[in-house]
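Some notes on the structure that comes next.
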Amino acid sequence: AEYDHWSGLQKLETNEIPRLETAVAQGCVMHPGFDDIKKTLRTSSRASSKYASINIQQIARNFDVEHACEGCPGDVCRRCHGKGKWKSKIEPRHAYVARPGFLLASVDYSTLELVTAAQQVFKLVGYSVMRDRLIKNLDLHSWFAGVLQRATDPDFEALARAQLGDGVADADQVYGVFKSLEAGSKEEKAYYKEKRQFAKSPNLALPGGMGARTLVSYALKTFSVRFRSFDEAKAVKQLWLDTFHEFKVYFERIKSDFKDSIHTKPGRDERGWERTRFAYWSPLGTYRANCFFTECANSFCMQAPAAEGTKIALVEVARACYDPTLESCLYGCHPLAFVHDELIVEIPSDCWASERAAEIERLMVNAMRIICPDVPVKAEPALMRKWSKGAQMIRDACGRLQVWDDIAQVKS
(Lines give C-alpha, C1' and ligand atoms only; values in the text may rest on other atoms or scores of the structure.)
Protein backbone atom coordinates (compact mmCIF):
# COMPACT_ATOMS: atom_id res chain seq x y z
CA ALA A 1 0.00 0.00 0.00
CA GLU A 2 2.87 2.37 0.81
CA TYR A 3 4.56 1.59 -2.50
CA ASP A 4 1.29 2.05 -4.40
CA HIS A 5 0.82 5.46 -2.79
CA TRP A 6 4.41 6.43 -3.62
CA SER A 7 3.97 5.27 -7.23
CA GLY A 8 0.91 7.49 -7.61
CA LEU A 9 2.77 10.53 -6.29
CA GLN A 10 5.67 9.71 -8.60
CA LYS A 11 3.30 9.63 -11.57
CA LEU A 12 1.89 12.98 -10.51
CA GLU A 13 5.39 14.50 -10.41
CA THR A 14 6.84 12.95 -13.56
CA ASN A 15 3.74 12.87 -15.81
CA GLU A 16 0.88 15.15 -14.82
CA ILE A 17 2.74 18.30 -13.74
CA PRO A 18 5.14 18.45 -16.75
CA ARG A 19 2.22 17.94 -19.15
CA LEU A 20 0.26 20.75 -17.52
CA GLU A 21 3.31 23.00 -17.73
CA THR A 22 3.63 22.22 -21.45
CA ALA A 23 -0.06 23.00 -21.99
CA VAL A 24 0.30 26.37 -20.23
CA ALA A 25 3.34 27.21 -22.35
CA GLN A 26 1.39 26.39 -25.53
CA GLY A 27 -1.79 28.31 -24.76
CA CYS A 28 -3.47 26.36 -21.95
CA VAL A 29 -5.08 23.80 -24.26
CA MET A 30 -4.57 20.07 -23.73
CA HIS A 31 -5.27 17.53 -26.47
CA PRO A 32 -6.19 13.98 -25.39
CA GLY A 33 -4.36 11.50 -27.62
CA PHE A 34 -5.66 8.09 -28.67
CA ASP A 35 -3.90 4.97 -29.89
CA ASP A 36 -5.11 2.28 -32.29
CA ILE A 37 -8.20 0.27 -31.39
CA LYS A 38 -7.16 -2.67 -29.21
CA LYS A 39 -8.00 -6.35 -29.62
CA THR A 40 -10.84 -5.97 -27.12
CA LEU A 41 -12.23 -3.15 -29.36
CA ARG A 42 -11.64 -0.72 -26.51
CA THR A 43 -9.89 2.58 -27.14
CA SER A 44 -6.53 3.37 -25.61
CA SER A 45 -5.36 6.89 -24.81
CA ARG A 46 -1.75 8.06 -24.91
CA ALA A 47 0.28 11.24 -24.69
CA SER A 48 2.73 12.60 -27.26
CA SER A 49 5.97 14.45 -26.67
CA LYS A 50 5.37 16.63 -29.76
CA TYR A 51 2.46 18.73 -28.43
CA ALA A 52 0.47 19.38 -25.25
CA SER A 53 -1.31 16.06 -24.84
CA ILE A 54 -2.38 13.60 -22.20
CA ASN A 55 -3.43 10.01 -21.60
CA ILE A 56 -6.94 11.08 -20.66
CA GLN A 57 -7.96 7.57 -19.56
CA GLN A 58 -5.23 7.24 -16.91
CA ILE A 59 -5.06 10.45 -14.92
CA ALA A 60 -3.26 10.14 -11.57
CA ARG A 61 -5.83 9.67 -8.84
CA ASN A 62 -6.45 12.19 -6.08
CA PHE A 63 -4.34 12.25 -2.93
CA ASP A 64 -4.71 13.44 0.64
CA VAL A 65 -1.57 15.27 1.74
CA GLU A 66 -0.98 15.78 5.47
CA HIS A 67 0.42 19.08 6.76
CA ALA A 68 1.62 20.25 10.17
CA CYS A 69 -0.61 23.03 11.50
CA GLU A 70 1.89 25.77 12.30
CA GLY A 71 0.92 28.25 15.01
CA CYS A 72 -2.16 26.18 15.87
CA PRO A 73 -4.35 27.99 18.46
CA GLY A 74 -5.61 24.67 19.83
CA ASP A 75 -9.18 23.35 19.92
CA VAL A 76 -10.54 26.54 18.35
CA CYS A 77 -8.41 26.07 15.22
CA ARG A 78 -10.75 25.91 12.24
CA ARG A 79 -8.16 24.07 10.13
CA CYS A 80 -7.16 21.11 12.33
CA HIS A 81 -9.54 21.44 15.35
CA GLY A 82 -6.66 21.09 17.76
CA LYS A 83 -5.15 17.95 16.22
CA GLY A 84 -1.99 19.71 15.09
CA LYS A 85 -2.29 18.28 11.57
CA TRP A 86 -4.60 18.91 8.65
CA LYS A 87 -5.10 17.38 5.22
CA SER A 88 -5.55 18.88 1.79
CA LYS A 89 -6.65 17.05 -1.34
CA ILE A 90 -4.78 17.06 -4.62
CA GLU A 91 -7.07 16.24 -7.55
CA PRO A 92 -5.28 16.40 -10.93
CA ARG A 93 -8.56 16.45 -12.84
CA HIS A 94 -9.39 19.85 -11.34
CA ALA A 95 -6.66 21.37 -13.52
CA TYR A 96 -8.89 20.79 -16.57
CA VAL A 97 -11.57 23.47 -16.83
CA ALA A 98 -14.08 24.69 -19.36
CA ARG A 99 -13.30 27.80 -21.37
CA PRO A 100 -15.02 31.06 -20.32
CA GLY A 101 -18.68 30.94 -21.35
CA PHE A 102 -18.77 27.14 -21.46
CA LEU A 103 -19.46 24.18 -19.18
CA LEU A 104 -18.26 20.60 -19.20
CA ALA A 105 -21.10 18.12 -19.63
CA SER A 106 -19.97 14.70 -18.41
CA VAL A 107 -22.25 11.76 -19.23
CA ASP A 108 -21.22 8.40 -17.82
CA TYR A 109 -22.85 5.02 -18.43
CA SER A 110 -24.07 3.41 -15.22
CA THR A 111 -22.46 -0.02 -14.49
CA LEU A 112 -22.00 -0.50 -18.23
CA GLU A 113 -19.95 -3.70 -18.15
CA LEU A 114 -22.50 -5.39 -15.88
CA VAL A 115 -25.26 -4.32 -18.27
CA THR A 116 -23.45 -5.82 -21.26
CA ALA A 117 -22.55 -8.95 -19.26
CA ALA A 118 -26.20 -9.44 -18.32
CA GLN A 119 -27.24 -8.96 -21.96
CA GLN A 120 -24.68 -11.32 -23.47
CA VAL A 121 -25.20 -14.09 -20.90
CA PHE A 122 -28.99 -13.78 -21.21
CA LYS A 123 -28.70 -14.05 -24.99
CA LEU A 124 -26.41 -17.08 -24.75
CA VAL A 125 -27.88 -18.94 -21.77
CA GLY A 126 -31.52 -17.84 -21.85
CA TYR A 127 -31.80 -16.44 -18.33
CA SER A 128 -29.86 -14.09 -16.05
CA VAL A 129 -30.17 -13.25 -12.36
CA MET A 130 -28.08 -10.16 -13.07
CA ARG A 131 -30.51 -9.02 -15.79
CA ASP A 132 -33.50 -9.55 -13.49
CA ARG A 133 -31.94 -7.29 -10.84
CA LEU A 134 -31.19 -4.58 -13.40
CA ILE A 135 -34.77 -4.69 -14.67
CA LYS A 136 -35.88 -4.08 -11.07
CA ASN A 137 -33.64 -0.99 -11.06
CA LEU A 138 -31.45 -2.31 -8.23
CA ASP A 139 -27.86 -1.24 -7.63
CA LEU A 140 -25.96 -4.46 -8.36
CA HIS A 141 -22.96 -3.55 -6.21
CA SER A 142 -25.17 -2.86 -3.19
CA TRP A 143 -27.30 -5.92 -3.97
CA PHE A 144 -24.36 -8.32 -3.94
CA ALA A 145 -22.87 -6.51 -0.94
CA GLY A 146 -26.08 -7.34 0.94
CA VAL A 147 -25.83 -10.99 -0.11
CA LEU A 148 -22.18 -11.09 0.92
CA GLN A 149 -22.67 -9.44 4.32
CA ARG A 150 -25.65 -11.62 5.13
CA ALA A 151 -23.41 -14.65 4.58
CA THR A 152 -20.29 -13.38 6.36
CA ASP A 153 -21.24 -10.73 8.94
CA PRO A 154 -23.26 -12.00 11.95
CA ASP A 155 -24.15 -8.45 13.02
CA PHE A 156 -25.64 -7.61 9.63
CA GLU A 157 -27.39 -10.99 9.57
CA ALA A 158 -28.97 -10.15 12.94
CA LEU A 159 -30.04 -6.71 11.68
CA ALA A 160 -31.63 -8.23 8.58
CA ARG A 161 -33.47 -10.85 10.66
CA ALA A 162 -34.72 -8.20 13.06
CA GLN A 163 -36.20 -6.19 10.21
CA LEU A 164 -37.32 -8.96 7.85
CA GLY A 165 -38.01 -12.03 9.99
CA ASP A 166 -38.65 -14.92 7.62
CA GLY A 167 -38.05 -12.60 4.66
CA VAL A 168 -34.30 -12.66 5.33
CA ALA A 169 -34.01 -15.41 2.70
CA ASP A 170 -35.09 -12.97 -0.03
CA ALA A 171 -31.96 -11.26 -1.43
CA ASP A 172 -33.98 -8.30 -2.75
CA GLN A 173 -35.35 -7.58 0.72
CA VAL A 174 -31.90 -7.92 2.26
CA TYR A 175 -30.73 -5.41 -0.37
CA GLY A 176 -33.30 -2.98 1.02
CA VAL A 177 -31.87 -3.37 4.53
CA PHE A 178 -28.31 -2.86 3.31
CA LYS A 179 -29.27 0.09 1.09
CA SER A 180 -30.97 1.82 4.04
CA LEU A 181 -27.58 2.09 5.76
CA GLU A 182 -26.56 4.63 3.12
CA ALA A 183 -28.79 7.19 4.84
CA GLY A 184 -28.10 6.00 8.40
CA SER A 185 -25.70 7.14 11.11
CA LYS A 186 -22.10 8.10 10.43
CA GLU A 187 -20.96 4.56 11.28
CA GLU A 188 -23.67 2.99 9.11
CA LYS A 189 -22.75 5.20 6.17
CA ALA A 190 -19.09 4.21 6.52
CA TYR A 191 -20.06 0.53 6.74
CA TYR A 192 -22.23 0.83 3.63
CA LYS A 193 -19.52 2.59 1.63
CA GLU A 194 -16.80 0.10 2.65
CA LYS A 195 -18.83 -3.05 1.93
CA ARG A 196 -20.24 -1.77 -1.35
CA GLN A 197 -16.71 -0.95 -2.48
CA PHE A 198 -15.64 -4.47 -1.51
CA ALA A 199 -18.45 -5.96 -3.64
CA LYS A 200 -17.29 -4.10 -6.75
CA SER A 201 -14.20 -6.24 -7.30
CA PRO A 202 -15.97 -9.62 -7.64
CA ASN A 203 -18.84 -8.03 -9.58
CA LEU A 204 -16.52 -6.56 -12.21
CA ALA A 205 -13.83 -9.28 -12.27
CA LEU A 206 -15.64 -12.59 -12.05
CA PRO A 207 -17.94 -12.27 -15.11
CA GLY A 208 -14.75 -12.54 -17.16
CA GLY A 209 -13.71 -15.82 -15.56
CA MET A 210 -11.00 -14.38 -13.31
CA GLY A 211 -9.51 -16.77 -10.76
CA ALA A 212 -9.43 -16.17 -7.00
CA ARG A 213 -5.68 -15.53 -6.92
CA THR A 214 -5.87 -12.83 -9.58
CA LEU A 215 -8.96 -11.38 -7.86
CA VAL A 216 -6.84 -10.59 -4.79
CA SER A 217 -4.37 -8.40 -6.72
CA TYR A 218 -7.09 -6.91 -8.96
CA ALA A 219 -9.15 -5.81 -5.94
CA LEU A 220 -6.17 -4.13 -4.29
CA LYS A 221 -4.86 -2.41 -7.41
CA THR A 222 -8.21 -1.27 -8.82
CA PHE A 223 -10.37 -0.59 -5.76
CA SER A 224 -7.86 -0.48 -2.86
CA VAL A 225 -9.75 -3.45 -1.39
CA ARG A 226 -7.75 -5.95 0.62
CA PHE A 227 -8.80 -9.59 1.07
CA ARG A 228 -7.80 -11.06 4.44
CA SER A 229 -6.66 -14.33 2.88
CA PHE A 230 -6.63 -16.37 -0.29
CA ASP A 231 -9.30 -18.62 1.24
CA GLU A 232 -11.56 -15.60 1.67
CA ALA A 233 -11.15 -14.75 -2.02
CA LYS A 234 -12.06 -18.32 -2.99
CA ALA A 235 -15.12 -18.22 -0.72
CA VAL A 236 -16.26 -14.87 -2.17
CA LYS A 237 -15.86 -16.20 -5.71
CA GLN A 238 -17.91 -19.30 -4.89
CA LEU A 239 -20.67 -17.22 -3.30
CA TRP A 240 -20.71 -14.97 -6.37
CA LEU A 241 -21.06 -17.98 -8.69
CA ASP A 242 -23.83 -19.43 -6.53
CA THR A 243 -25.63 -16.08 -6.56
CA PHE A 244 -25.28 -15.32 -10.27
CA HIS A 245 -25.54 -19.00 -11.21
CA GLU A 246 -26.10 -18.28 -14.91
CA PHE A 247 -22.36 -17.67 -15.19
CA LYS A 248 -21.60 -21.30 -14.36
CA VAL A 249 -23.50 -22.25 -17.52
CA TYR A 250 -21.91 -19.34 -19.39
CA PHE A 251 -18.38 -20.51 -18.63
CA GLU A 252 -19.22 -24.06 -19.68
CA ARG A 253 -20.63 -22.75 -22.95
CA ILE A 254 -17.44 -20.78 -23.57
CA LYS A 255 -15.36 -23.92 -23.02
CA SER A 256 -17.54 -26.10 -25.25
CA ASP A 257 -18.82 -23.79 -28.02
CA PHE A 258 -16.10 -21.12 -28.40
CA LYS A 259 -13.05 -23.28 -29.06
CA ASP A 260 -10.69 -22.05 -31.76
CA SER A 261 -9.77 -25.22 -33.62
CA ILE A 262 -7.22 -23.44 -35.81
CA HIS A 263 -5.02 -22.10 -32.99
CA THR A 264 -5.58 -24.83 -30.38
CA LYS A 265 -2.65 -27.22 -30.01
CA PRO A 266 -2.26 -30.39 -27.92
CA GLY A 267 -0.37 -30.47 -24.64
CA ARG A 268 0.78 -27.56 -22.49
CA ASP A 269 3.09 -24.60 -23.10
CA GLU A 270 6.32 -23.76 -21.23
CA ARG A 271 4.30 -22.20 -18.38
CA GLY A 272 2.25 -25.36 -17.92
CA TRP A 273 -0.92 -23.84 -19.40
CA GLU A 274 -3.14 -25.77 -21.76
CA ARG A 275 -2.80 -24.75 -25.39
CA THR A 276 -6.56 -24.57 -25.88
CA ARG A 277 -7.57 -21.33 -27.55
CA PHE A 278 -10.96 -19.67 -27.97
CA ALA A 279 -12.64 -17.30 -30.45
CA TYR A 280 -15.79 -15.19 -30.51
CA TRP A 281 -17.90 -12.83 -32.61
CA SER A 282 -18.75 -9.41 -31.17
CA PRO A 283 -22.38 -8.15 -31.32
CA LEU A 284 -21.62 -6.10 -34.48
CA GLY A 285 -19.70 -8.87 -36.20
CA THR A 286 -16.03 -8.47 -35.33
CA TYR A 287 -14.25 -11.82 -35.11
CA ARG A 288 -11.44 -12.31 -32.58
CA ALA A 289 -9.46 -15.56 -32.48
CA ASN A 290 -6.56 -17.11 -30.54
CA CYS A 291 -7.82 -16.03 -27.10
CA PHE A 292 -7.11 -17.51 -23.72
CA PHE A 293 -10.22 -18.56 -21.80
CA THR A 294 -10.43 -15.41 -19.67
CA GLU A 295 -9.79 -13.18 -22.71
CA CYS A 296 -12.72 -14.78 -24.48
CA ALA A 297 -15.08 -14.84 -21.49
CA ASN A 298 -14.26 -11.25 -20.52
CA SER A 299 -14.31 -9.70 -23.98
CA PHE A 300 -17.37 -11.52 -25.27
CA CYS A 301 -19.66 -10.43 -22.44
CA MET A 302 -18.10 -7.14 -21.29
CA GLN A 303 -15.29 -5.50 -23.25
CA ALA A 304 -16.40 -5.93 -26.88
CA PRO A 305 -20.12 -5.09 -26.52
CA ALA A 306 -19.37 -2.09 -24.29
CA ALA A 307 -16.76 -0.86 -26.77
CA GLU A 308 -19.08 -1.17 -29.76
CA GLY A 309 -21.98 0.55 -28.03
CA THR A 310 -19.86 3.48 -26.89
CA LYS A 311 -18.44 3.95 -30.39
CA ILE A 312 -21.96 4.20 -31.80
CA ALA A 313 -22.63 6.81 -29.11
CA LEU A 314 -19.47 8.75 -30.00
CA VAL A 315 -20.51 8.91 -33.65
CA GLU A 316 -24.05 10.03 -32.83
CA VAL A 317 -22.92 12.76 -30.42
CA ALA A 318 -20.22 14.01 -32.82
CA ARG A 319 -22.75 14.19 -35.68
CA ALA A 320 -25.15 16.18 -33.50
CA CYS A 321 -22.35 18.62 -32.61
CA TYR A 322 -21.04 19.17 -36.15
CA ASP A 323 -23.84 18.40 -38.64
CA PRO A 324 -26.24 21.36 -38.98
CA THR A 325 -28.74 19.31 -41.01
CA LEU A 326 -29.67 17.37 -37.85
CA GLU A 327 -30.86 20.63 -36.25
CA SER A 328 -29.72 19.37 -32.85
CA CYS A 329 -29.43 21.54 -29.74
CA LEU A 330 -25.87 20.18 -29.54
CA TYR A 331 -24.80 21.89 -32.78
CA GLY A 332 -21.81 24.06 -31.97
CA CYS A 333 -20.80 22.01 -28.93
CA HIS A 334 -17.45 20.20 -28.80
CA PRO A 335 -16.78 16.56 -27.80
CA LEU A 336 -13.54 16.88 -25.83
CA ALA A 337 -12.69 13.50 -24.39
CA PHE A 338 -13.75 9.88 -24.13
CA VAL A 339 -12.76 8.22 -20.83
CA HIS A 340 -13.70 4.53 -20.84
CA ASP A 341 -17.51 4.80 -20.35
CA GLU A 342 -17.66 8.59 -19.95
CA LEU A 343 -18.04 11.26 -22.64
CA ILE A 344 -17.07 14.87 -21.88
CA VAL A 345 -18.58 17.55 -24.10
CA GLU A 346 -18.03 21.32 -23.91
CA ILE A 347 -21.39 23.10 -24.07
CA PRO A 348 -22.41 26.78 -23.78
CA SER A 349 -23.08 27.98 -20.24
CA ASP A 350 -26.58 29.25 -20.93
CA CYS A 351 -30.21 28.51 -20.04
CA TRP A 352 -30.23 25.43 -22.29
CA ALA A 353 -27.38 23.58 -20.58
CA SER A 354 -29.76 21.08 -18.94
CA GLU A 355 -31.43 20.28 -22.27
CA ARG A 356 -28.09 19.78 -24.00
CA ALA A 357 -26.88 17.39 -21.29
CA ALA A 358 -30.17 15.50 -21.57
CA GLU A 359 -29.69 15.19 -25.34
CA ILE A 360 -26.22 13.72 -24.90
CA GLU A 361 -27.70 11.27 -22.40
CA ARG A 362 -30.49 10.31 -24.83
CA LEU A 363 -28.10 9.70 -27.71
CA MET A 364 -25.78 7.59 -25.56
CA VAL A 365 -28.60 5.47 -24.12
CA ASN A 366 -30.20 4.87 -27.53
CA ALA A 367 -26.82 3.87 -28.99
CA MET A 368 -26.17 1.30 -26.27
CA ARG A 369 -29.68 -0.13 -26.63
CA ILE A 370 -28.63 -1.37 -30.08
CA ILE A 371 -26.17 -3.65 -28.26
CA CYS A 372 -28.30 -4.31 -25.16
CA PRO A 373 -31.97 -4.56 -26.23
CA ASP A 374 -33.00 -6.83 -23.32
CA VAL A 375 -31.41 -4.98 -20.40
CA PRO A 376 -32.11 -1.42 -19.16
CA VAL A 377 -29.37 1.07 -20.08
CA LYS A 378 -28.73 4.20 -18.04
CA ALA A 379 -26.39 7.16 -18.35
CA GLU A 380 -25.88 9.83 -15.71
CA PRO A 381 -25.20 13.46 -16.78
CA ALA A 382 -23.39 16.05 -14.70
CA LEU A 383 -22.53 19.68 -15.39
CA MET A 384 -19.28 21.15 -14.09
CA ARG A 385 -16.84 23.99 -14.63
CA LYS A 386 -13.81 21.87 -13.73
CA TRP A 387 -13.42 18.17 -14.40
CA SER A 388 -13.96 16.07 -11.30
CA LYS A 389 -14.38 12.38 -10.70
CA GLY A 390 -16.71 13.23 -7.85
CA ALA A 391 -19.12 15.31 -9.95
CA GLN A 392 -22.72 14.31 -9.36
CA MET A 393 -26.03 14.74 -11.13
CA ILE A 394 -27.78 17.54 -9.21
CA ARG A 395 -31.26 18.74 -10.16
CA ASP A 396 -33.36 21.61 -8.84
CA ALA A 397 -37.00 21.42 -7.75
CA CYS A 398 -38.09 21.57 -11.40
CA GLY A 399 -35.84 18.67 -12.39
CA ARG A 400 -33.33 20.82 -14.27
CA LEU A 401 -29.67 19.88 -14.10
CA GLN A 402 -27.52 22.22 -12.00
CA VAL A 403 -23.79 22.92 -12.19
CA TRP A 404 -22.19 20.53 -9.72
CA ASP A 405 -19.22 22.59 -8.54
CA ASP A 406 -21.40 25.67 -8.02
CA ILE A 407 -23.64 23.68 -5.65
CA ALA A 408 -20.65 21.98 -3.99
CA GLN A 409 -19.00 25.37 -3.33
CA VAL A 410 -22.17 26.75 -1.70
CA LYS A 411 -22.45 23.66 0.55
CA SER A 412 -18.82 23.87 1.62
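The values are calculated or read from the model by the stated rules, or taken from the named source; none is laboratory data. These figures come from a predicted structure and were not determined experimentally. Quick reminder, even Gly has a Cβ in these numbers, built from the backbone with ideal geometry, and neighbours come from all protein chains shown. The accessibility values were calculated without ligands, DNA or RNA, using every heavy atom of the protein model including side chains. Shrake-Rupley method; radii C 1.70, N 1.55, O 1.52, S 1.80 Å.
So here's what we get for this one:
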| item | result |
| --- | --- |
| Cβ-derived FRET efficiency at R0 30 Å, ARG253 paired with LYS389, nearest 0.05 | 0.25 |
| R0 of 30 Å, Cβ-Cβ distance TRP273-ASP231: FRET efficiency to nearest 0.05 | 0.80 |
| Other-chain or far-sequence residues with amide H under 5 Å of LEU103's (modelled H) | ILE347, SER349 |
| Amide H partners (placed H, <5 Å) of SER110, local residues excluded | LYS378, ALA379, GLU380 |
| ALA183-ALA95 pseudo-label distance in nm [points 7 Å out on the Cα-to-Cβ vector] | 4.0 nm |
| Kyte-Doolittle mean at least 0.5, axial Cα span of 24 Å or more - DSSP H helices of the chain | 304-322 |
| At R0 = 22 Å, FRET efficiency that the Cβ-Cβ distance of THR22 and HIS334 yields, to 0.05 | 0.55 |
| Cα gyration tensor shape of segment 213-275, rounded if a/c is under 1.5, else prolate or oblate by comparing a/b with b/c | oblate |
| Sequence-distant aspartates and glutamates (8 or more away, or on other chains) whose Cα lies within less than 17 Å of LYS11 | GLU2, GLU21, ASP64, GLU91 |
| Percent of Cα-Cα distances greater than 35 Å, calculated over the chain | 37 percent |
| Above-threshold pairs, the threshold being 19 Å between Cα atoms, out of LYS89/LYS386; LYS89/LYS378; LYS38/LYS378; LYS200/LYS389 | LYS89/LYS378; LYS38/LYS378 |
| Sequence ranges 220-226, 171-177, 64-70, ranked by mean other-Cβ count within 10 angstrom, highest first | 171-177, 220-226, 64-70 |
| Label-reachable residues, segment 363-380, where backbone N falls under 18 Å from a point 7 Å from ILE37's Cα toward its Cβ | 367-372 |
| Cα-projected label distance for GLU194 with TYR322, points at 7 Å along beta-carbon direction, nm | 5.0 nm |
| Most to least packed among 141-147, 160-166, 378-384 [average Cβ atoms within 10 Å] | 141-147, 378-384, 160-166 |
| Separation in nanometres of the label points that stand 7 Å from Cα toward Cβ, at SER44 and ASP242 | 4.0 nm |
| Of LYS136/LYS189; LYS221/LYS311; LYS123/LYS248; LYS237/LYS265; LYS83/LYS193, pairs whose Cα-Cα distance is over 18 Å | LYS136/LYS189; LYS221/LYS311; LYS237/LYS265; LYS83/LYS193 |
| Karplus-derived 3J(HN,Hα), 6.51/-1.76/1.60, for each residue of segment 90-103, Hz, glycine and proline x | 9, 10, x, 4, 5, 6, 9, 10, 6, 5, x, x, 10, 10 |
| Cα-based shape type of segment 17-146, given that a ≥ b ≥ c are square roots of the gyration tensor eigenvalues and the cut on a/c is 1.5 | oblate |
| Heavy-atom accessible area order for ARG395, ARG150, largest first, 1.4 Å probe | ARG395, ARG150 |
| Lysines with Cα under 17 Å of LYS50, excluding same-chain neighbours fewer than 8 positions away | none |
